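The values are calculated or read from the model by the stated rules, or taken from the named source; none is laboratory data. Worth saying up front: this structure is predicted, and the values here are computed from it rather than measured. We place every Cβ from the backbone using ideal geometry, glycine too, and count neighbours over all the protein chains shown. What goes into the accessible areas is simple: the full protein's heavy atoms, side chains included, and nothing from ligands, DNA or RNA. Shrake-Rupley method; radii C 1.70, N 1.55, O 1.52, S 1.80 Å.
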Amino acid sequence: MKTIIEPFRIKAVEPIRLTSRAERNALLEKSGYNLFQIHAQDVTIDFLTDSGTAALSSEQWSALMRADESYAGAASFFRFERAVQSIFGFRYTLPVHQGRAAERLLFKQMVSADHIVPSNTHFDTTRANIESLGAVALDLPCAEWRTCDAGAAFSGNIDLVQLENLLNSTEYGVIPLVLLTVTNNACAGQPVSMQNVRETSRLLKRHQIPLFLDAARFAENAYLIHERDSEFSSRSIAGIAGEMFAYADGCLMSCKKDGIANIGGFIGVNELELAEKLKEEMIVTEGFPTYGGLSGRELETIAVGLNEALQEDYLRYREAAALYLHSGLQEIGVPVVSPSSLHAVYVDAAEMFPHVSAVELPGQALACELFREAGIRTCEIGTAMFGRVDEKTGATICASRELVRLALPRRVYTQSHYEYVIEAFENILKRRSHIRGLKFKTQSKRLRHFTAVYEPLDTDVSSLLNSPVVQKFCPDEPACEI
Ligand code: F0G
């Protein structure tokens, strides 16, 4: 059969509320045009994130019943530990309540103010955790990503030439670790090739620097290696994942993604001394090392979910769902980032609204229009999220791309939901030239997109355009004034 179906049937359903346009207009205004501030019950299709939003399987629900909630040494921890170790292979497994807790704990042990932490691209919480220690979170995305090469199979890679130059030009000790994010969420969920992981590992070994993987979407990365690299087409997805982690000294994972869990995460490391220090620290903020802020029920959910995420029929369906939305949008003329990732479809808002400049936040404008049109909640991944105001000059530093992410919760939506989203885009395209940008009314210094209040711009944007604006480019390209 050519048709790829959802490899599950539905056992419990959750009603979706349909709202009127007038209601949605009022909700937008009340939220300060910030979709993080809208109540979930007012959302029709929630593509804000694929994190913690999955539908549990009947096996996971069954596992919840056998959970052991003992404070220390619970049986659920040992099932969790076995599942994690059999997939990732690290000697020590430390559960945490979610990915950013893993980041905070690990970086507190390994990173200090004079350090640089390079990555293929840091996710926003990863960056915030590094910067909060006074260190530099340095993104080194590969050339294929920087040049928007739609034909590239692995544009989530780290730029090895830039990394090697950096290693050769910095003193020993300045780089405490290198982090590869698989898949590369901030670069439209593009995968990292096995060759890139291998070569990064080899290079770092020569410089005696540990390699860590941010494993949030490790199964999707392993699947894309299986699909796009002929060397791996006959290997199992679990085998590919195992090889990826064998090149690393440790990993951080938010199990809210490829753990198919609603909460949870872990740190995996090989070094005893580091594991001991992490355990000592986690007792202060996360909990005893056999539960790390999670209930036994959550440990059980993850133990089952990690293995479900590696099943080929599940991954094949996940790819088919993303491609259905991706090609449906492409066919009606929506500029989408290609090739599509598995966890999300990314729309290029700058290209869709060429009359809205980066400083007028075209991504946030598109996200608001999708909500206004059909109650669809998405996430801006552009200047609202990654831009900032330079404290010294007052200049607006814009992101390198203005994207909107349509993140696909695991096992939640079906084909008709995607058709509804495509129709909403069709309607927005018809009136795109009338759509205006937004400006910040209030913003915080860090992770501003969560709490910012925006204001719609009328046609006069002269005050904004007169302020000095700097477009941020990738490290090897000069910043330029626009
Ligand atoms: N690393 C990556 C690659 C992520 O995508 C995320 C979260 C984290 C770390 C942090 O994990 O949320 O469990 O603390 N990404 C979510 C998203 C929030 O919507 O992409 P967390």
ask   = Looking only at segment 50-67, which residues are in contact with a Lys or Arg (Cβ under 7 Å, 6 or more places away or on another chain) and either more than 16 Å from the ligand (Cβ to nearest atom) or assigned to a helix (DSSP H, G or I) (or both)?
value = A55, S58, L64, A67
Segment 346-360 - residue that is touching a helix residue (DSSP H, G or I) at 6+ places or on another chain (Cβ under 8 Å) and part of a loop (DSSP other than H, G, I, E, B) and, of those, nearest to L429 (Cα to Cα) = F353
key: N25 being open to solvent by less than 20 Å² (accessible area, probe 1.4 Å) and in the same structural domain as A452 (by TED's automatic domain parsing)   = no
key: Count - residues of segment 34-49 that are away from the ligand (no atom under 16 Å from the Cβ) and either open to solvent by less than 30 Å² (accessible area, probe 1.4 Å) or outside the structural domain of Y418 (by TED's automatic domain parsing) (or both)   = 2
query = Of (1) open to solvent by 80 Å² or more (accessible area, probe 1.4 Å); (2) in the same structural domain as L213 (by TED's automatic domain parsing), L64 satisfies all except one. Which?
reply = (1)
query = Pick from segment 366-395 the residues that are within 23 Å of the chain's Cα centre (by Cα) and without any contact (Cβ under 8 Å) to a residue 40 or more places away in the chain: which of them is farthest from the ligand (Cβ to nearest atom)?
reply = T383
query = Mind checking whether some residue in segment 253-273 is basic (K, R), in contact (Cβ under 8 Å) with a residue 24 or more places away in the chain, under 22 Å from A101 (Cβ atoms) and assigned to a helix (DSSP H, G or I)?
reply = no
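Conditions (1) under 21 Å from H343 (Cβ atoms); (2) at pLDDT 95 or above; (3) outside the structural domain of G239 (by TED's automatic domain parsing), marked per residue:
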position: I267; (1), (2), (3): no, yes, no
position: E271; (1), (2), (3): no, yes, no
position: E280; (1), (2), (3): no, yes, no
position: T285; (1), (2), (3): no, no, no
position: Y291; (1), (2), (3): no, yes, no
position: L294; (1), (2), (3): no, yes, no
position: R297; (1), (2), (3): no, yes, no
position: V304; (1), (2), (3): yes, yes, no
position: Y317; (1), (2), (3): yes, yes, yes
remark   = Given (1) free of Cβ contacts under 8 Å to residues at least 60 places away in the same chain; (2) open to solvent by 10 Å² or more (accessible area, probe 1.4 Å); (3) of a type in the set (A, V, I, L, M, F, W, C), A321 misses just (1)
ask   = Restricted to segment 179-212, and to residues that are assigned to a strand (DSSP E or B) and within 10 Å of the ligand (Cβ to nearest atom), which residue is farthest from S340 (Cα to Cα)?
value = L179
message = Given the options P118, P176, name the one that is open to solvent by less than 40 Å² (accessible area, probe 1.4 Å), in a strand (DSSP E or B) and either farther than 19 Å from K257 by Cβ or outside the structural domain of V269 (by TED's automatic domain parsing) (or both).
response = P118
request  = With respect to A101, determine if the residue is within 22 Å of E273 (Cβ to Cβ) and either of a type in the set (A, V, I, L, M, F, W, C) or open to solvent by less than 30 Å² (accessible area, probe 1.4 Å) (or both).
outcome  = yes
query = Somewhere in segment 247-256, is a residue open to solvent by 10 Å² or more (accessible area, probe 1.4 Å), away from the ligand (no atom under 16 Å from the Cβ) and modelled with pLDDT of 95 or more?
reply = yes
remark   = Of the residues in segment 202-215 that are in contact with a Phe, Trp or Tyr (Cβ under 8 Å, 6 or more places away or on another chain) and open to solvent by 10 Å² or more (accessible area, probe 1.4 Å), the one that is farthest from P141 (Cα to Cα) is Q208
task = Please go through segment 106-160 and pick out each residue that is more than 17 Å from the chain's Cα centre (by Cα) and among the acidic types (D, E).
result = D114, E131, E144, D149, D159
remark   = Those residues of segment 163-173 which are part of a loop (DSSP other than H, G, I, E, B) and charged (D, E, K, R) amount to E171
request  = Would you check if there is a residue in segment 266-285 being under 23 Å from the mean Cα position of the chain (by Cα) and either surrounded by fewer than 20 Cβ atoms within 10 Å (Cβ to Cβ) or among the aliphatic types (A, V, I, L, M) (or both)?
outcome  = yes
